[in-house]
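First the structure, in the form of structure tokens, and then the observations on it.
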Amino acid sequence: MTERYRSKVGPKGQVVVVKELRKKYGIREGTLVEQISTEKGVLLIPVSADDLLKELDKVAEEIGKTWPKEVSAVEAIREDREKQWSKK
Amino acid sequence: MVEEVTLDSSVLVSALVKEDVLRSIARRIMEKIFQGQYRVTTSATVPVEVCGAISKRAGVNKAILAKNQLLKWENMNLIAFSELLGKRREEATELAIRLKMSGMDAIVVQTAKEKKAVLITFDEEMAGKAKVAIKVLTHKDF
């Protein structure tokens, strides 16, 4: 069922999502929403942190396949930063 | 409440390498970013450093994957990158002198200081020096 609510657009384009819809879709301060332009207007879809984490895990798995096991991220960055100064 | 944070390259590389010893912590930090609990601003030099470190050790194609992730997060306003211009350069130089830290460390610390953000780094040497000037969290705090 379609639910309809009205809100005014603020001076910088801000629109308040009404409390009922915030609760229904788990939208709170800081929640990311994707804005999709459709034929009828703008569709707001909350971005799922789980989906972003799954995507990150896939990328990390790929990078991990060729990253040398004996080198930690901290050591790599520290080494690169120190080398900038020691290379002559 | 949303917390302002600055991420060091060590956290991002750790998040991007599955086998890294601190990855589970880096992943938890990224989760907080994706959930909107952390708002991130870091230096524009950080993605350069992250991609360079990955290219050198894991290969060019893997660094391109990392670059695309970083770009996506930037486009989604999950991470903002602060350019090293004029006043920021002067402040970073002052920090490098005063805290006796490497140039890259000082540039990242400058961003956190300017944004009044908490620096998150896994590098204890950097954390030790930076905590004189700003609030710092390391892997031990998560």
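Computed quantities for the displayed model
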item	result
Excluding exposed DSSP-loop trypsin sites (Lys or Arg not before Pro) (at most 15 other C-beta within 10 Å), longest clean stretch of chain B	B:1-99
Within chain B, helix-based [θ] at 222 nm, where runs of 4 or more DSSP H residues each add -39,500 (n - 2.57), nearest 500	-18500 deg cm²/dmol
Within chain A, helix-based [θ] at 222 nm, where runs of 4 or more DSSP H residues each add -39,500 (n - 2.57), nearest 500	-14000 deg cm²/dmol
Radius, Kirkwood style, for the protein assembly as shown when every pair of distinct Cα atoms is counted (Å)	19.0
Helix A:49-66 vs. chain A, principal-axis angle (Cα, 0 to 90°, nearest 10)	20
Selection from B:84, B:73, B:52, by position along the positive dipole direction of the stretch B:29-140 (Cβ)	B:73
Förster radius 25 Å - calculated FRET efficiency between residue B:140 and residue B:2 (Cβ-Cβ, nearest 0.05)	0.60
Calculated P(r) of the stretch A:10-77 - Cα pairs past 18 Å, %	61
Of the trypsin sites (Lys or Arg not before Pro) in the stretch A:1-83, those whose Cβ has at most 14 other Cβ within 10 Å and which sit in DSSP loop	A:4, A:6, A:8, A:12, A:28, A:40, A:69
Cα-centre dipole for chain B with unit charges at Cβ (Lys and Arg positive, Asp and Glu negative), debye to 20	140
With 5 Å bins from 0: P(r) over the stretch B:1-94, alpha-carbon pairs, percent	3, 13, 22, 25, 19, 11, 6, 1
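All of the numbers you see were taken from the coordinates with simple rules; none came from a lab. Not measured: the values here are computed from a predicted model. Positions of Cβ are backbone-derived with ideal geometry, glycine not excepted, and every protein chain shown enters the neighbour counts.
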